[in-house]
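Take a look at the structure set out below.
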Amino acid sequence: MHPDLLLDAAYWQQRYKTGQTGWDTGSITPPLLDYFRQLGPPDARRILIPGAGRAYEAEYLHDQGWPNVWVADLAAAPLQSLRQRVPDFPPQHLLQQDFFQLEPTPPFDLIVEQTFFCALNPALRPAYAQQCARLLRPGGTLMGLLFDTEFSQPGPPFGGSGEEYRGYFAPYFTFVHFESATNSLPPRQGRELFICLKRT
């Protein structure tokens with residue numbers, strides 16, 4: 001990352017405006033879809049998708065009948081995209097906010113990680129793990145995908161390794177799954193970790 005690069009709302013809004021959204025797969029990815037399908041019937045669990053982008057995961061969960069799905073993003077453009085695609089998505093569940101300023105009142109049951117961690121300045125990774133733990137109830141779940149690779153170009157996205165990531169999460173979570181994803185999209189095969197962590 002260039003030292004003068006500020007990854008703020010204006011930066012991400014410009015990325016959407018200019019179509020520089022290489023992380024956007026256009027639909028929910030297979031590992032997350034498989035996880036959601038085994039959650040059982042919709043219930044009152046509170047689900048947060050931070051750095052949600054166009055939030056295909058929220059669209060899927062909403063369409064399946066989950067009533068308490070919240071999305072957060074710094075930029076307005078991706079939240080507007082979700083509203084256009086899903087007009088009946090609760091507007092109060094669309095949070096144009098800094099993830100690190102969110103409050104756990106009440107706490108969430110599930111946080112879904114999809115290309116948010118890799119978009120953050122790597123210096124914020126310890127704070128990310130701490131904030132996830134803060135936002136979850138004891139026994140709550142952090143699940144999703146992390147890139148298990150290094151990128152040749154300066155980020156974002158920023159790469160890393162499972163060994164590095166473990167150190168951030170270990171103080172707050174027990175590890176249920178922390179392994180290579182077996183059903184990644186073809187361009188990401190062998191480059192993603194599927195994680196499912198329980199808040200201690």
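Bear in mind these aren't lab numbers, they're just calculated from the coordinates by the rules spelled out. All values reported here derive from a predicted model rather than from experimental measurement. All Cβ positions, even for glycine, are placed from backbone atoms using ideal geometry, and neighbour counts span all protein chains on display.
Things to note:
- All other residues whose Cβ lies under 13 angstrom from that of ALA44 are scored, Lys and Arg at +1 and Asp and Glu at -1, for a net of +1.
- For the chain, the share of DSSP beta bridges that are antiparallel, to the nearest 5, is 50%.
- Phi-derived couplings, Karplus 6.51 cos²θ - 1.76 cosθ + 1.60 at θ = phi - 60°, listed residue by residue for region 172-180: 10, 9, 9, 9, 8, 9, 7, 8, 4 Hz, with x used for Gly and Pro.
- Derived scalar couplings between HN and Hα for region 148-165 equal 10, 6, 9, 9, 6, 9, x, x, x, x, 10, x, x, 10, x, 4, 4, 5 Hz in order, rounded to whole Hz, by the Karplus curve 6.51 cos²θ - 1.76 cosθ + 1.60 (θ = phi - 60°), x for Gly and Pro.
- Value at 222 nm in deg cm²/dmol, rounded to 500, when DSSP H runs of n ≥ 4 in the chain each add -39,500 (n - 2.57): -8000 deg cm²/dmol
- Highest average packing first - 182-188, 127-133, Cβ atoms within 10 Å: 127-133, 182-188
- Assuming charge only on the beta carbon of Lys and Arg (+1) and of Asp and Glu (-1), the dipole of region 94-200 about its Cα centre is about 200 debye to the nearest 20.
- Three-way shape label, region 82-152, alpha-carbon gyration tensor, a/c 1.5: oblate
- Scaling the Cα radius of gyration of region 61-200 by the globular reference 2.2 N^0.38 Å produces a ratio of 1.07.
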